[in-house]
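**Student:** I'd like to ask some things about the structure below.
The values are calculated or read from the model by the stated rules, or taken from the named source; none is laboratory data. Small disclaimer: the values here were computed from a predicted structure and weren't measured. Note that each Cβ is placed from the backbone with ideal geometry, even for glycine, and that neighbours are counted across all protein chains shown. To get the accessible areas, we keep the full protein, side chains included, count just its heavy atoms, and leave off ligands, DNA and RNA. Shrake-Rupley method; radii C 1.70, N 1.55, O 1.52, S 1.80 Å.
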Amino acid sequence: MLDTLANAFALFASIDNVIVLFIGVVVGTVVGAIPGMTTPMAVALTLPFTFSMPPVTGILLLLGVYKGGIYGGSITAILINAPGTPAASCTVLDGYPLARKGQARRALDIALYASCVADFISNISLILFAGILASFALKFQSPEVFTLVVFSLTIIAGVSGDQLLKGLGSAGLGLLLATVGLDLLYGTNRFVFGDVNLMSGLNFIPVLIGLFAVPEIINYFVKNDVELEQSKLAGIGATWNDFKSCLKSIIRGSFIGVILGAVPGIGGAPSAFLSYSEARRTSKNKANFGKGEIEGVAAAEAGNNGVAGATMIPLLALGIPGDIITAIILGAFMIHGLRPGPLMFQQNIDLIYAIFIGIMLSSFYLLIVGKASIRIISKIADIPQRVLFPIVLILCVFGAYAVNNSTYDVGVMLVMGLVGYAMLKLAIPAAPFLIAFILGPLLEDNFRQSLTISRGDYSIFFSSTICWVFWGLTALTVGLLIWQRVGSVKTEVPLS
Amino acid sequence: MSKSSDIIAGAVFLTLGVLLIFVLIPVGVDEPRKVPFAAASPSYYPKLIGYVIGLLGAGILVQGLRRAPDDTPSVGFAPYAKVPVAMGIMAVFYLLLPFLGFILGAMLALCALMLLAGERSPKVLGLVSVLLPIGLYLFFAKVAGIPIPSGPLEPYLIRI
């Protein structure tokens, strides 16, 4: 054991590894902060640079980009209401309202601290529980994932506020839009109407930018004679009390991220939403969620960063990539003649430990790079809004284009901007749309895959303990919501 | 929460639900000849969503009709005058993208949007609308390796 650790340390302890990991975190943070530049895109673009590097150095570079990218996505989510990554989409719910109140620095600080704590917990979990969690994750088949997504969707009721029916309608629109494209089972067209651009479905980033960033800009043109609140960032970062009040949600979110991250194919977004939902459910400031609650930012970021280390669990322990990024990292392993899985734990354990050492260092780097980036990037909020909003709109155009190199996506973004503005005017909450649009494909695919396995028998959704646990949790959450609503109606009656 | 927004939103959802069930799904979803069970059909899940959207629309409509009339006076259309202009600028930018490319198009759109938003300083207008699109082009095209169509500027930029 000590020999292995000594070998691992020898493998890691080179100046190249230390520098390359730092560069990776910087690149990831910058790229993640640009709407339209996704973390998988950044990791994929970095892959060719690793060909000439030793295996540990190359993989650490990719891991640095991955970790930085996940945090970077939260920066624009908070500052301009346009998350750089899908996983950061939950952060906009409270991050942007905080920025509008002039507390962008506080939101960015708490997002960073939550990210670092979650990342650290996720890395420790990776090291300690790789084997155990991987075997649990393998038990997740389609019915279990379906019930998990159903449970995650209960958050829609939470983010709809006092507009529950409209929130559910908004979620329906999100689910509907997620069905556009080729049917997964039969490969037939759905809502394509002869347009080849629609065959691969609507891309997440243009829809998201259109729905969240563009309506804000349109709204500015409606009331720009009244100057909006100006963000004063100096000296109002997050305090120790802020951090302390969010710590419970950060730790809970980190563990939600770890557990969901270990399940292949789930990703950061559901984890962020679930963590947010749990934080809201247990918070004293429940009513403030969605209006600029610091705990909401912390929970969302903890949920999505908690996934980062844990997605490596099925990759390293079983050789199963959980998402696109880990699939690219798997490719990097294979380029260097390595095959992650149980055999690697026997034959190249020193290499795995060397990666673990690097991963732990990445949490520390994230804190340094994040702190520096907040100082530089948060100056964006000091630009006069008559200049900032047009700049953001042009940035959105480049971002929407860059996802698929498609001008069609720019059109999608502009149309979704109008839809988002109409929703804003009709008081239809946009957050349920977003949640349903992200979780929609996961919900439908696993629903139909399960029924295909069971030949149409619905009892498959009740066939395992995990399914029952998620049904129970869903029933409990819905029951609590009904109870709370009935309670609030009862207390309103005497007042009226 | 207002009566009119509830009535409009309810009517929109209800219409969409009805359109989905009777027009959009029959026309827009291609069905395979034979499916082993109903839920396997590509139209099963969208239909389910259609019914839910329609029912919710009816619910929102009823909720709106039962609500007390709005007591806030209507602000009219005057504050919205700049919205069609801003969206018009973006629509022209989008339509001209194949001809002007991203750099020239973004320069013109950015300048027009800043003017519309009330920026009057020629220095700010000139510097921001020229430098930002060039900076974005350099980042996306030269650093990230994403081909950005640049229209008439293409032959000059290829040499950079």
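**Student:** So is residue A:423 open to solvent by 50 Å² or more (accessible area, probe 1.4 Å), farther than 30 Å from residue B:101 by Cβ and either without any contact (Cβ under 8 Å) to a residue 24 or more places away in the chain or within 14 Å of chain B (Cβ to nearest Cβ) (or both) or not?
**Tutor:** Spelling it out, it is not the case that residue A:423 is open to solvent by 50 Å² or more (accessible area, probe 1.4 Å), farther than 30 Å from residue B:101 by Cβ and either without any contact (Cβ under 8 Å) to a residue 24 or more places away in the chain or within 14 Å of chain B (Cβ to nearest Cβ) (or both).
**Student:** May I pose another question? Quick check on my filter: what residues within the range A:446-456 are facing another protein chain (nearest Cβ under 9 Å) and surrounded by fewer than 16 Cβ atoms within 10 Å (Cβ to Cβ)? Don't jump to the end; show me each part of the working.
**Tutor:** Applying the first criterion (facing another protein chain (nearest Cβ under 9 Å)) to the range A:446-456 yields A:447-448, A:451-452, A:455-456.
Matches in the range A:446-456: A:455, A:456.
**Student:** Can residue A:364 be described as more than 23 Å from residue A:6 (Cβ to Cβ) and in a helix (DSSP H, G or I)? Give the steps one after another, and end with the answer.
**Tutor:** Working: more than 23 Å from residue A:6 (Cβ to Cβ): no; in a helix (DSSP H, G or I): yes.
So residue A:364 does not fit the description; no.
**Student:** Could you check how many residues of the range A:384-407 are over 24 Å from residue B:118 (Cα atoms), out of contact with any helix residue (DSSP H, G or I) (no Cβ under 6 Å at 6 or more places or on another chain) and without any contact (Cβ under 8 Å) to a residue 40 or more places away in the chain?
**Tutor:** The qualifying residues number 1.
**Student:** A further question follows. Identify, please: which residue in the range A:187-221 is in contact with an Asp or Glu (Cβ under 8 Å, 6 or more places away or on another chain) and open to solvent by 20 Å² or more (accessible area, probe 1.4 Å) and is, among those, nearest to residue B:29 (Cα to Cα)?
**Tutor:** Going through the range A:187-221, the residues in contact with an Asp or Glu (Cβ under 8 Å, 6 or more places away or on another chain) turn out to be A:188-190, A:203, A:205-206.
Keeping just the survivors that are open to solvent by 20 Å² or more (accessible area, probe 1.4 Å) gives A:188-189, A:203.
Numbers: A:188: 8, A:189: 6, A:203: 19 Å.
So, considering only residues that are in contact with an Asp or Glu (Cβ under 8 Å, 6 or more places away or on another chain) and open to solvent by 20 Å² or more (accessible area, probe 1.4 Å), the one nearest to residue B:29 (Cα to Cα) is A:189.
**Student:** For the range A:402-417, name all the residues that are at the interface with chain B (Cβ under 7 Å from one of its Cβ atoms) and assigned to a helix (DSSP H, G or I). It would help to see each step written out before you state the result.
**Tutor:** The initial filter retains those residues of the range A:402-417 that are at the interface with chain B (Cβ under 7 Å from one of its Cβ atoms), namely A:402, A:405, A:407, A:410-411, A:414.
Across the range A:402-417, the qualifying residues are A:402, A:407, A:410, A:411, A:414.
**Student:** When you check residue A:146 against the structure, is it aromatic (Phe, Trp, Tyr) and either in contact with a Phe, Trp or Tyr (Cβ under 6 Å, 6 or more places away or on another chain) or modelled with pLDDT of 90 or more (or both), yes or no?
**Tutor:** Values: aromatic (Phe, Trp, Tyr): yes; either in contact with a Phe, Trp or Tyr (Cβ under 6 Å, 6 or more places away or on another chain) or modelled with pLDDT of 90 or more (or both): yes.
Taking the combined requirement at face value, the residue satisfies it.
**Student:** Further question on the same structure: Among (1) aliphatic (A, V, I, L, M); (2) modelled with pLDDT of 80 or more; (3) open to solvent by 30 Å² or more (accessible area, probe 1.4 Å); (4) not in a helix (DSSP H, G or I), where does residue A:173 come up short?
**Tutor:** Of everything listed in (1) aliphatic (A, V, I, L, M); (2) modelled with pLDDT of 80 or more; (3) open to solvent by 30 Å² or more (accessible area, probe 1.4 Å); (4) not in a helix (DSSP H, G or I), residue A:173 misses just condition (4).
**Student:** Could you tell me whether the range A:408-418 includes any residue that is of a type in the set (D, E, K, R), closer than 26 Å to residue B:114 by Cβ and modelled with pLDDT of 90 or more? Quick ask: steps written out before the conclusion?
**Tutor:** From the range A:408-418, those of a type in the set (D, E, K, R) are A:409; that's our starting set.
Restricting the remaining residues to those that are closer than 26 Å to residue B:114 by Cβ gives A:409.
In the following step, the residues that additionally are modelled with pLDDT of 90 or more were identified as A:409.
Yes, the range A:408-418 contains at least one residue that is of a type in the set (D, E, K, R), closer than 26 Å to residue B:114 by Cβ and modelled with pLDDT of 90 or more.
**Student:** Now a separate question. Scan B:134, B:148 and give me the residue that is under 18 Å from residue A:399 (Cβ atoms) and either surrounded by fewer than 20 Cβ atoms within 10 Å (Cβ to Cβ) or at the interface with another protein chain (Cβ under 7 Å from one of its Cβ atoms) (or both). Steps first, answer last, please.
**Tutor:** Working: B:148 fails: either surrounded by fewer than 20 Cβ atoms within 10 Å (Cβ to Cβ) or at the interface with another protein chain (Cβ under 7 Å from one of its Cβ atoms) (or both).
Testing whether each residue is under 18 Å from residue A:399 (Cβ atoms) and either surrounded by fewer than 20 Cβ atoms within 10 Å (Cβ to Cβ) or at the interface with another protein chain (Cβ under 7 Å from one of its Cβ atoms) (or both) leaves just B:134.
**Student:** Given the criteria without any contact (Cβ under 8 Å) to a residue 40 or more places away in the chain and among the hydroxyl-bearing types (Ser, Thr, Tyr), does residue B:2 qualify?
**Tutor:** No: the conditions fail for residue B:2.
**Student:** More than 7 Å from chain A (Cβ to nearest Cβ) and of a type in the set (Lys, Arg): is that true of residue B:82 in this structure?
**Tutor:** Judged against the criteria, residue B:82 is not a match.
**Student:** Search the range A:216-266 for residues being of a type in the set (Phe, Trp, Tyr) and under 16 Å from residue A:305 (Cβ atoms), and hand back the single one that is modelled with the highest pLDDT. First the steps, then the outcome.
**Tutor:** Our first condition is that a residue be of a type in the set (Phe, Trp, Tyr); within the range A:216-266, this holds for A:220-221, A:240, A:243, A:255.
Remaining after also requiring under 16 Å from residue A:305 (Cβ atoms): A:243, A:255.
On the way: A:243: 88, A:255: 92.
Checked the range A:216-266; the qualifying residue modelled with the highest pLDDT is A:255.
**Student:** If residue A:271 satisfies all but one of (1) touching a helix residue (DSSP H, G or I) at 6+ places or on another chain (Cβ under 6 Å); (2) modelled with pLDDT of 80 or more; (3) open to solvent by 30 Å² or more (accessible area, probe 1.4 Å), what's the number of the condition it fails?
**Tutor:** Going through the list (1) touching a helix residue (DSSP H, G or I) at 6+ places or on another chain (Cβ under 6 Å); (2) modelled with pLDDT of 80 or more; (3) open to solvent by 30 Å² or more (accessible area, probe 1.4 Å), residue A:271 breaks only (3).
**Student:** Quick test for you: out of B:39, B:109, pick the one residue that is open to solvent by less than 30 Å² (accessible area, probe 1.4 Å), modelled with pLDDT of 95 or more and at the interface with chain A (Cβ under 7 Å from one of its Cβ atoms). Write out each step before concluding.
**Tutor:** On the way: B:39 fails: modelled with pLDDT of 95 or more.
The unique qualifying residue is B:109.
**Student:** Right, something else. Which one of the conditions (1) open to solvent by less than 70 Å² (accessible area, probe 1.4 Å); (2) aliphatic (A, V, I, L, M); (3) within 9 Å of chain A (Cβ to nearest Cβ); (4) farther than 16 Å from residue A:168 by Cα does residue B:27 fail to meet, given that it meets all the rest?
**Tutor:** (1)
**Student:** Of (1) open to solvent by 10 Å² or more (accessible area, probe 1.4 Å); (2) touching a helix residue (DSSP H, G or I) at 6+ places or on another chain (Cβ under 9 Å); (3) assigned to a helix (DSSP H, G or I), residue A:346 satisfies all except one. Which?
**Tutor:** It is condition (2) that residue A:346 fails.
**Student:** Give me the pairs, please: first residue somewhere in the range A:445-466 and closer than 17 Å to residue A:149 by Cβ and free of Cβ contacts under 8 Å to residues at least 12 places away in the same chain, second residue anywhere and among the β-branched types (Val, Ile, Thr) and in a helix (DSSP H, G or I), beta-carbon distance under 8 Å, and either six or more positions apart or on two chains.
**Tutor:** Close Cβ pairs (under 8 Å, with a partner that is among the β-branched types (Val, Ile, Thr) and in a helix (DSSP H, G or I)) amount to A:451/A:460.
**Student:** Right, next: How about the range B:122-131: which of its residues are more than 9 Å from chain A (Cβ to nearest Cβ) and polar (S, T, N, Q)?
**Tutor:** Once the filter is applied, which keeps residues that are more than 9 Å from chain A (Cβ to nearest Cβ) and polar (S, T, N, Q), the range B:122-131 yields nothing.
**Student:** Quick one: which residue in B:105, B:101, B:59 is in the same structural domain as residue B:19 (by TED's automatic domain parsing) and farther than 30 Å from residue A:455 by Cβ? Break it down stepwise before answering.
**Tutor:** Working: B:105 fails: in the same structural domain as residue B:19 (by TED's automatic domain parsing); B:101 fails: in the same structural domain as residue B:19 (by TED's automatic domain parsing).
Just one listed residue meets the conditions, B:59.
**Student:** If residue A:376 meets every condition in (1) under 30 Å from residue B:98 (Cα atoms); (2) open to solvent by 10 Å² or more (accessible area, probe 1.4 Å) apart from one, which number is that one?
**Tutor:** Every listed condition holds for residue A:376 apart from (1).
**Student:** Here's another thing I want to ask about it. What number of residues in the range A:360-381 are of a type outside the set (Gly, Ala, Ser) and in contact with a Ser or Thr (Cβ under 7 Å, 6 or more places away or on another chain)? Talk me through it step by step, then tell me what you get.
**Tutor:** Let us first name the residues in the range A:360-381 that are of a type outside the set (Gly, Ala, Ser), namely A:360-361, A:364-369, A:371, A:374-377, A:379-380.
Next, from what is left, pick out any that are in contact with a Ser or Thr (Cβ under 7 Å, 6 or more places away or on another chain): A:366, A:369.
Matching residues across the range A:360-381 total 2.
**Student:** Which members of the range A:429-442 meet the condition of being open to solvent by less than 20 Å² (accessible area, probe 1.4 Å) and either modelled with pLDDT of 90 or more or not aromatic (Phe, Trp, Tyr) (or both)?
**Tutor:** If the condition is that a residue be open to solvent by less than 20 Å² (accessible area, probe 1.4 Å) and either modelled with pLDDT of 90 or more or not aromatic (Phe, Trp, Tyr) (or both), then A:431, A:432, A:434, A:435, A:436, A:439, A:440 are the ones that fit.
**Student:** Being touching a Pro at 6+ places or on another chain (Cβ under 6 Å), more than 8 Å from chain A (Cβ to nearest Cβ) and crowded, with 16+ Cβ neighbours inside 10 Å narrows it down to one residue among B:101, B:54; which is it? Let's see the steps before the verdict.
**Tutor:** On the way: B:54 fails: touching a Pro at 6+ places or on another chain (Cβ under 6 Å).
Criteria check complete, one pass: B:101.
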